[in-house]
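Q: Got a structure for you, written out below as structure tokens; questions coming shortly.
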Amino acid sequence: MTAEWDSGRKAEGERGRKAEGERGRKAEWEAQRTSRRETERTSGSETESTSRCETESTGGSEAESTGGSEAEWKAVAVVGAGTIGLAWAALFASYGIEVTVTDPREDLDEAIDDALPMLAAGLPGGDAAALRRRIRSTHDLAEAVAGAQLVQENGPENLEFKQRLFADIARHAPAGAVLATSSSGIVASRIAAGLPDTVAARLLVAHPFNPPHLVPLVEIVPGERTAEDVTEAAVAFYRALGKTPVRLRKEVPGFAANRLQSAVLQEAIHLVISGVVDAEELDTLMKASLGGRYATVGPFESFHLGGGPGGIRHMMRHLGPGLAEGWQRLGRPELDDDAVATIVQQTEAAYGHGPEAYRERALLRDRKQLALTAALRRADHG
């Protein structure tokens, strides 16, 4: 992104404007968006598209600090109208929050209107029109964040981009607003490195798993300078939305869930390109074994129960050495052109490709996720 974004954003109402600065800004944006789609579709966290200006000022208008109870959260800004940002917006609106979405894309209103029917199908009430009444849009970042109690950023996974973006957000957002990034791997301390303590104290990671309006997890990862009361307020906020916030005890690139997913995907790709199974068979294996098991109990509880009355002590004593040896035999696939072609061809053959195939498979995924979550909650409280 370049300094021309400043002048381009001042003429937000002129959507047809084709000045050189606007073209340069959008070219960078589209490059970031394309890169983000390619790297995140396999990770469960597809954060994309945002807006910002080049300013490094980090002030913030005066406002009361947000609190932690559901009743106190009235206004949220969503920065970035990609897959993750739009899902967040729908979820927030479904809980009665007034949402302002900002993004430089010219089709912003159309993107919101197109996404809401499918998103609403997975939310209480399922009324896309009701959600839309609580969601407004603007191309002006300053306007979007001006009254927000919490800003949910969903920009390209690029450190320098996020650093400049949060400097701009901090300049315009209320001084008490919680600043949350949906980043799938960049820790808050790095994003806040050039920000003053008063801003860094309010910045943390709130990383969802895709689709964020359905999958319960939100990883809460405070930075080195994040204030404890801000972290606690964020945990309370996402829990009030029906999410399962898990606070990580330390910052690590990729956080926890994506690192686990990456380990599984590494071996899955190895097994497919080695010809052991094809992509669809691999998915069947996962769904019929580990997927179902880990939805009910996690890896450690599963291992503990597998040891019978002796539990994990028995398992470690008898299977531990073999596990460690087995790790050395796991695959380390190279994603060269042939490997990528194999994965793409088999996956598209199994599940189709293009907008219609995506919509059909996504709706099926969402129905299954809703049914699974509901069944687990009934079992937990039955």
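The values are calculated or read from the model by the stated rules, or taken from the named source; none is laboratory data. All values derive from a computational prediction rather than experimental measurement. Note that each Cβ is placed from the backbone with ideal geometry, even for glycine, and that neighbours are counted across all protein chains shown. Keep in mind that these areas ignore ligands, DNA and RNA; they rest on the heavy atoms of the full protein, side chains included. Shrake-Rupley method; radii C 1.70, N 1.55, O 1.52, S 1.80 Å.
Q: Filter segment 322-347 for residues that are part of a helix (DSSP H, G or I) and open to solvent by 80 Å² or more (accessible area, probe 1.4 Å) and give the result. First the steps, then the outcome.
A: At the first step, the residues of segment 322-347 found to be part of a helix (DSSP H, G or I) are 322-327, 337-347.
If the condition is that a residue be part of a helix (DSSP H, G or I) and open to solvent by 80 Å² or more (accessible area, probe 1.4 Å), then E325, W327, D337, D338, Q345 are the ones that fit.
Q: Would you please name the residue that is nearest to L241 (Cα to Cα), looking only at residues in segment 84-133 that are buried (at least 22 other Cβ atoms within 10 Å of the Cβ) and aromatic (F, W, Y)?
A: My answer is F92.
Q: When you go through (1) in contact with a Lys or Arg (Cβ under 6 Å, 6 or more places away or on another chain); (2) open to solvent by 60 Å² or more (accessible area, probe 1.4 Å); (3) aromatic (F, W, Y) one by one for Y351, which number turns out not to apply?
A: Every listed condition holds for Y351 apart from (2).
Q: Considering only segment 135-167, state which residues are more than 14 Å from D103 (Cα to Cα), surrounded by 24 or more Cβ atoms within 10 Å (Cβ to Cβ) and of a type in the set (D, E).
A: none
Q: Another one. Please enumerate the residues belonging to segment 255-294 that are among the small types (G, A, S), surrounded by 13 or more Cβ atoms within 10 Å (Cβ to Cβ), under 24 Å from A350 (Cα atoms) and touching a residue at least 24 places away in the same chain (Cβ under 8 Å).
A: Quick first cut of segment 255-294, residues among the small types (G, A, S) only: 256-257, 262-263, 268, 274-275, 279, 288-289, 291-292.
Subset that is surrounded by 13 or more Cβ atoms within 10 Å (Cβ to Cβ): 256-257, 262, 268, 279, 291.
Now restrict to residues that are under 24 Å from A350 (Cα atoms): 262, 268, 279, 291.
Within segment 255-294, S262, A279 qualify.
Q: Another question about this same structure. Just one of (1) within 26 Å of the chain's Cα centre (by Cα); (2) assigned to a loop (DSSP other than H, G, I, E, B) trips up L370, so point out which.
A: Among (1) within 26 Å of the chain's Cα centre (by Cα); (2) assigned to a loop (DSSP other than H, G, I, E, B), the lone unmet condition for L370 is (2).
Q: Among the residues of segment 50-58, is any among the charged types (D, E, K, R) and either modelled with pLDDT of 95 or more or open to solvent by 20 Å² or more (accessible area, probe 1.4 Å) (or both)?
A: Yes, there is a match, as at least one residue in segment 50-58 is among the charged types (D, E, K, R) and either modelled with pLDDT of 95 or more or open to solvent by 20 Å² or more (accessible area, probe 1.4 Å) (or both).
Q: Quick test for you: out of G326, G308, pick the one residue that is of a type in the set (G, A, S) and on the phi > 0 side of the Ramachandran plot.
A: G308
Q: Condition test on R171, is it part of a helix (DSSP H, G or I) and either within 20 Å of the chain's Cα centre (by Cα) or not basic (K, R) (or both)?
A: So R171 fails the test.
Q: I've got another one for you. Pairs needed: first member in segment 125-137, within 17 Å of D114 (Cβ to Cβ); second member anywhere, in a loop (DSSP other than H, G, I, E, B); C-beta distance under 8 Å; at least 6 residues apart or different chains.
A: Going by the 8 Å Cβ cut-off, the qualifying pairs are L131/L123; S137/A81; S137/D103.
Q: Quick check, is G126 in a loop (DSSP other than H, G, I, E, B), closer than 22 Å to E219 by Cα and modelled with pLDDT under 95?
A: In short, no.
Residues are listed down the side, and each one gets a yes or a no for (1) in contact with a helix residue (DSSP H, G or I) (Cβ under 7 Å, 6 or more places away or on another chain); (2) in contact (Cβ under 8 Å) with a residue 60 or more places away in the chain; (3) of a type outside the set (D, E, K, R):
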| position | (1), (2), (3) |
| --- | --- |
| A144 | no, yes, yes |
| Q149 | no, yes, yes |
| G185 | yes, yes, yes |
| V205 | yes, no, yes |
